[in-house]
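Each value in this text was obtained by applying a stated rule to the coordinates, not by laboratory testing. Predicted model, so just to flag it, every value in this text is computed and none were measured. Cβ placement follows ideal geometry from the backbone for every residue including glycine, while neighbour counts extend to all protein chains displayed.
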Amino acid sequence: MLTLYTYFRSSAAYRVRIALNLKGLPHESVPVHLLRDGGEQRRPEHLARNPLGLVPVLGTEVGMLTQSLAIIEYLDETCPMPPLLPADPAGRARVRAIAQAIACDIHPLNNLRVLQYLGDRLGVDEPGRQAWYRHWVDEGLAAVERLLADDSRTGVFCHGDVPSQADCCLVPQVFNAQRFGCRLDDKPTVRRVVEACGRLAAFQRAAPENQPDAQ
């Protein structure tokens, strides 16, 4: 049995929940509350799982795995069907590029610990933090829109007509963008792909509001 250490609003954990559901892999979810009592991710027992104090962490027979994209690729290699990366090298490179544009370029600027640092250490007020968030998300998703809209390989989903690692990343990022009131009206391809994903049970079950720790 796989064990996923997760938080319902963590977009990184959300990615892995989607991947697990797409693969049909049974797993136990163990919530790690990122705000309660200063953040449960800072407790020694979680730091033993991940020294960075982040979620997700996936407990497997080979040990604790960290970093959402690494976890998703591990799942793809150990449970190949259905694949989350295309069969051809160019397709795999494109899917990874879209996924990394989100996971490496958009998300790190706006995750919880960055927003907390802006407020607690640099004295940025709540409107300032909101403006910071919306700026970087809007700029990043505008680039993703171009990656999708300008490439004929975009289909129902980010790459073709089956969900991939890229969709696992896009849906959580758009969920967070909507929470913070980011613009999406100028990103029609992004919205269309997210709507297609939302019709699939694997994405529905992974949604934050459907998690046992949802508040």
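A quarter of the convex hull surface defined by the alpha-carbon atoms of segment 89-203 gives 7.3 nm² as the mean projection. Most tightly packed first, judged by the mean number of other beta-carbon atoms within 10 Å of their residues, the peptides 114-124, 45-55 read 45-55, 114-124. Beta bridges from DSSP with both residues in the chain: antiparallel share about 55 percent, rounded to the nearest 5. Ranked for footprinting exposure by Cβ neighbours inside 10 Å, fewest first, 164, 152 give 152, 164. Across segment 94-110, computed HN-Hα scalar couplings (Karplus, 6.51 cos²θ - 1.76 cosθ + 1.60, θ = phi - 60°) run 5, 4, 4, 5, 5, 4, 6, 4, 7, 6, 9, 9, 8, 4, x, 6, 10 Hz from first to last residue, x flagging Gly and Pro.
The C-alpha radius of gyration of segment 1-134, expressed as a fraction of 2.2 N^0.38 Å, stands at 1.15. Residues 64, 1 in ascending order of nearby Cβ atoms (within 10 Å, fewest first): 1, 64. Between 131, 97, 166, the residue with the greatest mean-square fluctuation in the GNM of the chain (Cα pairs under 10 Å linked by springs) is 131. Every helix of 4 or more DSSP H residues in the chain counts as -39500 (n - 2.57), and over all residues that averages to -15000 deg cm²/dmol at 222 nm.
Close amide H partners of residue 6, meaning residues 5 or more places away or on another chain with modelled amide H under 5 Å apart, are 30, 32.
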